[in-house]
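A short worksheet on the structure shown next.
The values are calculated or read from the model by the stated rules, or taken from the named source; none is laboratory data. Everything quoted here is computed from the prediction, not taken from an experiment. Here the Cβ is made from the backbone with ideal geometry for all residues, glycine too, and neighbour counts use every protein chain on show.
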């Protein structure tokens with residue numbers, strides 16, 4: 001009887017709250033294939049040249065057959081796939097395509113929660129009377145993305161976000177899957193335990209030692225034993241997911257959590273002038289992206305990786321949210337100077353977090369206010385020039401002077 005009540009409840013929820021997850025297939029690579037049709041079917045790898053020390057941003061499905069994947073060092077990607085087509089990528093072009101896709105989402109529902117540049121959750125509640133059942137809506141969205149943007153997307157439908165995301169991953173690329181309440185066990189239980197949110201490599205190893213290899217194993221595992229092994233909070237979270245339960249709502253207007261850029265040096269370096277010039281360049285790119293998106297950030301985060309791959313991050317919060325290059329740079333520089341230990345650096349990155357679409361400006365002393373307005377005017381002038389003549393048309397003298405010593409990846 002209890003199981004019947006649960007099944008009935010899930011059917012009721014499914015009718016009231018159909019959730020769609022859309023994930024653009026190999027997004028950056030797909031945009032390149034769209035613009036260069038001769039690349040279709042070839043192993044396209046985005047991230048830079050194979051002799052650079054960066055990592056793969058994304059790659060086509062043809063490249064994945066060789067074991068290439070995101071975050072893999074470019075040198076390893078070349079070792080596995082020497083015939084690959086290595087491209088540096090074009091973030092401005094990808095952002096334009098992303099905006100086109102999200103505009104399509106908003107034609108169907110205002111309840112759109114961006115997760116990243118290439119994926120989002122949509123709550124279709126109230127849309128079915130206008131556009132048809134969830135399967136029809138998802139199919140139409142996929143069709144419009146293909147017709148208007150020229151790329152494919154995979155979509156998953158379910159009565160909660162977790163299951164919708166699982167569904168979108170089941171038949172990539174160009175897939176469309178609807179997990180209905182009576183299909184949850186059949187779909188979830190055979191999946192490897194690593195497919196659950198919150199299960200990273202370390203947690204997966206710990207669960208494997210307990211004999212938990214699949215979601216089904218977890219669903220039937222004793223909760224008290226699991227709590228002792230992983231902690232009560234994580235155990236409860238994992239077993240809820242294993243049962244297909246997720247009560248988080250789609251949060252419209254929730255934007256990408258952070259914006260940042262990082263740079264991998266061609267050779268490890270201890271040249272502070274070079275490092276700080278690149279930090280300024282990265283700050284310039286972050287500020288530019290924020291202003292184009294109409295957003296501000298309150299927390300500045302610095303990422304530093306040394307020659308031995310030891311990686312650390314440092315954060316600090318600003319009194320007021322900002323999207324100005326110089327404030328981002330000066331804050332990041334302060335974090336760097338307090339953190340740097342003198343060892344050769346492999347990678348540096350800067351990002352802004354706690355993003356919002358409002359800048360809350362407090363009253364400042366006249367001198368500070370004048371300096372802020374000067375930086376705002378400088379940003380406006382640089383944006384105007386870049387909008388007209390391109391992203392590389394203007395930059396800071398410190399960046400320009402250092403350019404011969406480094407290459408963008």
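Of all the numbered requirements in (1) without any contact (Cβ under 8 Å) to a residue 24 or more places away in the chain; (2) buried (at least 19 other Cβ atoms within 10 Å of the Cβ); (3) not in a loop (DSSP other than H, G, I, E, B), residue 265 misses one, and that requirement is (1).
Could you tell me whether any residue of region 57-73 is farther than 24 Å from residue 122 by Cβ and touching a residue at least 60 places away in the same chain (Cβ under 8 Å)? Yes; the residues of region 57-73 include at least one that is farther than 24 Å from residue 122 by Cβ and touching a residue at least 60 places away in the same chain (Cβ under 8 Å). Here region 82-99 is the region considered, the condition is being surrounded by fewer than 18 Cβ atoms within 10 Å (Cβ to Cβ) and at pLDDT 95 or above, and the residue that is farthest from residue 349 (Cα to Cα) is 83.
Of the set (1) farther than 30 Å from residue 306 by Cβ; (2) in contact with a helix residue (DSSP H, G or I) (Cβ under 7 Å, 6 or more places away or on another chain); (3) surrounded by fewer than 15 Cβ atoms within 10 Å (Cβ to Cβ), all apply to residue 67 but (1). Once region 173-209 is narrowed to residues that are outside any loop (DSSP other than H, G, I, E, B) and in contact (Cβ under 8 Å) with a residue 60 or more places away in the chain, the residue that is farthest from residue 156 (Cα to Cα) is 182. All conditions but one from (1) assigned to a helix (DSSP H, G or I); (2) out of contact with any helix residue (DSSP H, G or I) (no Cβ under 7 Å at 6 or more places or on another chain); (3) over 21 Å from residue 376 (Cβ atoms) apply to residue 331; the one that does not is (3). Is it fair to say residue 200 is outside the structural domain of residue 27 (by TED's automatic domain parsing), surrounded by fewer than 15 Cβ atoms within 10 Å (Cβ to Cβ) and either in contact with a helix residue (DSSP H, G or I) (Cβ under 7 Å, 6 or more places away or on another chain) or at positive phi (or both)? Taking the combined requirement at face value, the residue does not satisfy it. More than 19 Å from the chain's Cα centre (by Cα), part of a helix (DSSP H, G or I) and either in the same structural domain as residue 336 (by TED's automatic domain parsing) or surrounded by 19 or more Cβ atoms within 10 Å (Cβ to Cβ) (or both): does that describe residue 212? Taking the combined requirement at face value, the residue does not satisfy it.
When restricted to residues that are in contact with a helix residue (DSSP H, G or I) (Cβ under 8 Å, 6 or more places away or on another chain), farther than 23 Å from residue 265 by Cβ and either surrounded by 23 or more Cβ atoms within 10 Å (Cβ to Cβ) or modelled with pLDDT of 90 or more (or both), region 298-325 contains 4.
Being closer than 26 Å to residue 50 by Cα and touching a helix residue (DSSP H, G or I) at 6+ places or on another chain (Cβ under 6 Å) is a condition met by at least one residue of region 265-275. Restricting 79, 53 to residues that are without any contact (Cβ under 8 Å) to a residue 40 or more places away in the chain, in the same structural domain as residue 142 (by TED's automatic domain parsing) and surrounded by fewer than 21 Cβ atoms within 10 Å (Cβ to Cβ) narrows the list to 79.
Look at region 291-327 and say how many of its residues are touching a strand residue (DSSP E or B) at 6+ places or on another chain (Cβ under 6 Å) and either outside any strand (DSSP E or B) or not assigned by TED's automatic domain parsing to the domain that holds residue 391 (or both). Here the count works out to 3. When residue 295 is tested against (1) surrounded by fewer than 16 Cβ atoms within 10 Å (Cβ to Cβ); (2) in contact (Cβ under 8 Å) with a residue 60 or more places away in the chain, just one condition goes unmet, and that condition is (1).
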